[in-house]
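A quick write-up on the structure given underneath.
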Amino acid sequence: MNVPVLDNCAARHLFLAKHGLIDRPSGPGKGADLRAVIDDLGFVQLDSVNTFARAHDLILWSRRQRYRPKALQYLLHRDRQVFEHWTHDAAVIPIGSFAYWRLKFKRDEVRLARHWSEARRDDFHAKIDDVLRRIADHGACTSGDVGADEARGKGGWWDWHPSKTALEYLWRSGQVSVLRRDGFTKVYDLTERVIPPEQLNRRFTTEETVDWCCAGAMDRLGFATSGELAAFWDVVRPEEAKAWCRAALADRRIIEVDVEGVDGKLRRSFARPDVMEPVAAPASRVRILSPFDPALRDRNRAERLFGFHYRIEIFVPEAKRTYGYYVFPVIEGDRLIGRIDMKRDGGVLKVRAFWPEKGVRMGLGRVRALEAELERSAVFGGCDSARYGDDWMRGGGT
């Protein structure tokens, strides 16, 4: 049996279409429209870095440029159309997915109890009932409201005091949920007080959850290996994704396909039977993306499809950085054309440097298109203007 080949151009178009980067970023960017964007993506990663805009806000703005951060807060805290939990990282997730997350709650409860005990945080077990009782009796709280008499470290998760660890454990295991955020601080309450009853009371078997997760990941990736399906939500196990692929292949819900990388190499993957149907080319719009954009989350896939190598250098000593502390990928149509170092400074968006990708010529039209996007970015970031460094264009020609 001949396996169809999805050429690199078609693969890019399909992948970008699945990630909402085909059409121009129009639309109200709030209410039902914003909920639909998050549904289509599956989840939107949260991140606290705020040199220009937080990751989740930039992810949504790059697809809906009328979006403003309050719109997501309304969906999360007022309308309960999304909830906050964990995929491969903290994320906002459509509320309809909550019941499927019970499998993750169950598995994380066991895994974290073992892992955190081995990390010498045994005393957090003794605090679980105390923290639950405190929330039940006195209402929602933050990590700063519990464990007032406990020693507090100044580092990362390894310095959490026992009650904070217990609170995080209760969240990851689904016993408490994020009610809202004050600034970027999570406020927790009992899950039954946060999640709407119609979602709270739904239940699915492990088999139903695995099927939903794998099918949903396939529909959002366009093509994938079993490992990529398992990694998408980080809910199912690799062996479960492999078994799902075997069954779906036998049922003809998916087919095998060879996907061409930018280097011409073929990679055997799975896809829906209509994978070879043509997808419209993306609009030739310049967009600035978050480093955590779902189209770039899988760094290896980004390299295979687009030839784009990206690594965050936050934890790299300044003298050893290739680019900068937190630089933003830039896409034009179906091509990642470079990365930009910019930072909000008071009422000014300071553009420090733009590095074109190899082979990208920055002619006058492309430079003007990038500058137009930067001006739009400045408005979104609450700046009065964008200011460019004298040598901000690092190569590529004009």
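The values are calculated or read from the model by the stated rules, or taken from the named source; none is laboratory data. Owing to the predicted nature of the structure, the values given are computational and were not obtained by experimental measurement. A quick note on method: Cβ atoms are made from the backbone with ideal geometry, for glycine too, and the neighbour counts reach across all protein chains shown. For the accessible areas, the whole protein counts, side chains as well, though only heavy atoms, and no ligand, DNA or RNA atoms are used. Shrake-Rupley method; radii C 1.70, N 1.55, O 1.52, S 1.80 Å.
For VAL279, the conditions (1) open to solvent by less than 10 Å² (accessible area, probe 1.4 Å); (2) in contact with a His (Cβ under 8 Å, 6 or more places away or on another chain) are fulfilled apart from (1).
Scan the stretch 211-248 for residues that are part of a helix (DSSP H, G or I) and within 29 Å of ILE22 (Cα to Cα) and the total you get is 22.
Evaluate the following for PHE204: is it of a type in the set (Phe, Trp, Tyr) and either surrounded by fewer than 16 Cβ atoms within 10 Å (Cβ to Cβ) or at pLDDT below 95 (or both)? Answer is yes for this residue. Against the criterion of being open to solvent by 80 Å² or more (accessible area, probe 1.4 Å) and at pLDDT 95 or above, LYS154 does not qualify. Would you tally the residues in the stretch 15-36 being hydrophobic (A, V, I, L, M, F, W, C) and not in a helix (DSSP H, G or I)? Selection size over the stretch 15-36: 2. Taking every residue in the stretch 61-82 that is hydroxyl-bearing (Ser, Thr, Tyr) and pairing it with any residue that is open to solvent by 10 Å² or more (accessible area, probe 1.4 Å) and in a helix (DSSP H, G or I), at least 6 positions away or on another chain, the pairs with Cβ-Cβ distances below 8 Å are TYR67/ASP57; TYR74/GLY31. Scanning the stretch 88-131 for residues that are open to solvent by 70 Å² or more (accessible area, probe 1.4 Å), hydrophobic (A, V, I, L, M, F, W, C) and in contact with a helix residue (DSSP H, G or I) (Cβ under 9 Å, 6 or more places away or on another chain) gives a single hit, ALA126.
The C-beta contact set for the stretch 321-349 (first residue among the hydroxyl-bearing types (Ser, Thr, Tyr) and surrounded by fewer than 22 Cβ atoms within 10 Å (Cβ to Cβ), second residue assigned to a strand (DSSP E or B) and modelled with pLDDT of 95 or more, distance under 7 angstrom, 6+ apart or interchain) comprises TYR323/ARG339; TYR323/ASP341; TYR323/TRP355.
Just checking, does the stretch 250-270 include any residue being of a type in the set (Lys, Arg) and modelled with pLDDT under 95? No, that holds for no residue. Listed by first and then second residue, the pairs with beta-carbon distance under 7 Å, at least 6 apart or on different chains, first residue in the stretch 19-31 and over 25 Å from PHE232 (Cα atoms), second open to solvent by 20 Å² or more (accessible area, probe 1.4 Å) and at pLDDT 95 or above, are GLY27/ASP33; GLY27/ARG64; GLY27/ARG66; PRO28/ARG66.
In the condition set (1) within 17 Å of THR185 (Cβ to Cβ); (2) at pLDDT 80 or above; (3) surrounded by fewer than 16 Cβ atoms within 10 Å (Cβ to Cβ), LYS164 is compliant with all but (3).
Just so you know, in the stretch 19-38 the residues that are touching a Pro at 6+ places or on another chain (Cβ under 9 Å) and surrounded by 17 or more Cβ atoms within 10 Å (Cβ to Cβ) include one that is farthest from PRO94 (Cα to Cα), and it is ILE22. Looking across the stretch 288-320, just one residue is open to solvent by less than 10 Å² (accessible area, probe 1.4 Å), among the small types (Gly, Ala, Ser) and either more than 26 Å from ALA378 (Cβ to Cβ) or in a strand (DSSP E or B) (or both), and that is ALA302.
Checked against the criterion of being crowded, with 18+ Cβ neighbours inside 10 Å, modelled with pLDDT of 95 or more, among the charged types (D, E, K, R) and not in a strand (DSSP E or B), the stretch 363-380 has at least one qualifying residue.
Within the stretch 37-91, the only residue that satisfies the criterion of being within 14 Å of the chain's Cα centre (by Cα), in a loop (DSSP other than H, G, I, E, B), closer than 14 Å to HIS19 by Cα and of a type in the set (D, E, K, R) is ARG63. In the stretch 175-192, of all residues being free of Cβ contacts under 8 Å to residues at least 40 places away in the same chain and either exposed (fewer than 15 other Cβ atoms within 10 Å of the Cβ) or hydrophobic (A, V, I, L, M, F, W, C) (or both), the one that is farthest from GLU240 (Cα to Cα) corresponds to GLY183. Filter the stretch 6-34 for residues that are touching a strand residue (DSSP E or B) at 6+ places or on another chain (Cβ under 6 Å) and not hydrophobic (A, V, I, L, M, F, W, C); which is farthest from VAL330 (Cα to Cα)? The extreme case among them is ASP7.
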